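Read through the structure below, which is laid out as structure tokens, and then see the notes.
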Amino acid sequence: MKTVLASIATATTLAAMPVAAADIIVVAHGQANDPFWSVVKNGVQKAGEHTGANVEFRSPETFDMVQMSQLIDAAVNQEPDGLVVSIPDADALGPSIQRAVDAGIPVISMNSGGDVARDLGALLHVGQSEYDAGKAAGEKLAEMGGSKGICVNQEVGNVSLDQRCAGFAEGFGNEVDVVPTMNDPTEVQSKVRAALESDPDVDTVLGLSAPLVGEPAVAAVKALGRDDVLIATFDLSAGFLQAVADGDAAFAIDQQQFLQGYLPVTFLALNAEYGLVPGGDVPSGPNLVTQDAAAQVIDLSAQGIR
């Protein structure tokens with residue numbers, strides 16, 4: 001009897017022991033001054049709180065693929081229970097990601113790289129099809145009367161942003177010029193204004209970031225008194241959503257980047273504890289936020305959730 005009781009006590013003690021928290025590292029390409037990525041990071045941190053996982057978020061100070069590959073290599077050396085990566089340049093980052101896979105580390109990609117993630121060994125991708133999102137935006141802007149457009153790219157060399165502009169050109173069906181800029185709202189405003197002044201036929205502006213391009217584009221158009229210009233942008237900011245609500249901009253394209261941070265961490269934590277993982281990619285967007293819905297989203301955007 002004592003032996004039986006001792007066995008029961010031991011089993012009970014083992015069952016009561018907490019499962020070790022999963023260690024998950026997130027390596028993203030987002031620049032430090034880009035508000036978009038602060039929302040992704042908020043999703044990562046919230047997933048850590050909800051799952052109990054130990055989560056680290058790392059990114060280069062600028063759009064630097066060499067530094068990002070080094071951050072991935074450093075993460076692999078720590079042997080985490082899971083790795084989340086964005087893949088803006090598969091050629092540059094592929095070897096480092098495959099090192100992780102070869103080391104037996106489960107990898108989920110998010111935000112960019114959905115078209116190459118499986119080939120690199122990732123379990124799945126959480127994000128949106130950037131080309132299809134750009135195409136949807138172009139179709140909507142053409143439907144609203146746009147006839148000649150510019151696509152303002154603040155991060156030239158990021159394949160995902162190039163895909164947005166390419167999709168926009170196809171969906172728009174009219175002439176589109178790409179305007180390259182730096183990650184600087186002041187420069188963006190100046191370049192958008194210059195593009196509109198040099199070619200009065202331009203009546204449509206698509207930005208690839210709400211705070212970095214969308215808001216400066218609205219300011220440039222207002223400064224010129226051009227109430228005939230349609231302005232839309234990828235992603236959200238409280239300021240741009242207010243412009244949509246006020247009728248100064250057409251719409252924002254929401255890829256729900258909070259989910260891009262939250263879901264991969266949650267999936268990897270579940271995988272570490274139970275061996276569970278979704279069987280396919282998870283599309284987080286796109287959703288077009290137009291005037292009728294913009295006001296409802298402003299507060300959540302200001303809180304770093306939308």
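The values are calculated or read from the model by the stated rules, or taken from the named source; none is laboratory data. As the structure is a computational prediction, the values presented were derived from the model and not from experiment. Here the Cβ positions follow ideal geometry from the backbone for every residue, glycine too, while neighbour counts run over all protein chains shown. Protein only, heavy atoms only, side chains kept; ligands, DNA and RNA dropped before computing areas. Shrake-Rupley method; radii C 1.70, N 1.55, O 1.52, S 1.80 Å.
Pairing residues of the range 210-237 that are without any contact (Cβ under 8 Å) to a residue 40 or more places away in the chain and farther than 19 Å from E143 by Cβ with residues that are of a type in the set (D, E, K, R) and buried (at least 22 other Cβ atoms within 10 Å of the Cβ), at Cβ distances under 9 Å and at least 6 apart in sequence or on separate chains, gives G214/D235; P216/K191; A220/K191.
Restricted to the range 193-209, and to residues there that are in contact (Cβ under 8 Å) with a residue 60 or more places away in the chain and part of a strand (DSSP E or B), the residue that is nearest to the chain's Cα centre (by Cα) is L206.
Within the range 113-141, residues that are more than 19 Å from H29 (Cβ to Cβ) have Cβ atoms under 6 Å from residues that are among the β-branched types (V, I, T) in these pairs: L123/I108; L123/V277; A137/I253; L141/T204, counting only partners at least 6 apart in sequence or on another chain. Considering the range 158-192, and only residues there that are assigned to a loop (DSSP other than H, G, I, E, B) and open to solvent by less than 50 Å² (accessible area, probe 1.4 Å), the residue that is nearest to V202 (Cα to Cα) turns out to be T181.
Looking at the range 70-112, which of its residues are of a type in the set (K, R) and in contact (Cβ under 8 Å) with a residue 60 or more places away in the chain? Can you show your working first?
Filtering the range 70-112 for residues of a type in the set (K, R) gives 99.
Passing the criteria: none in range.
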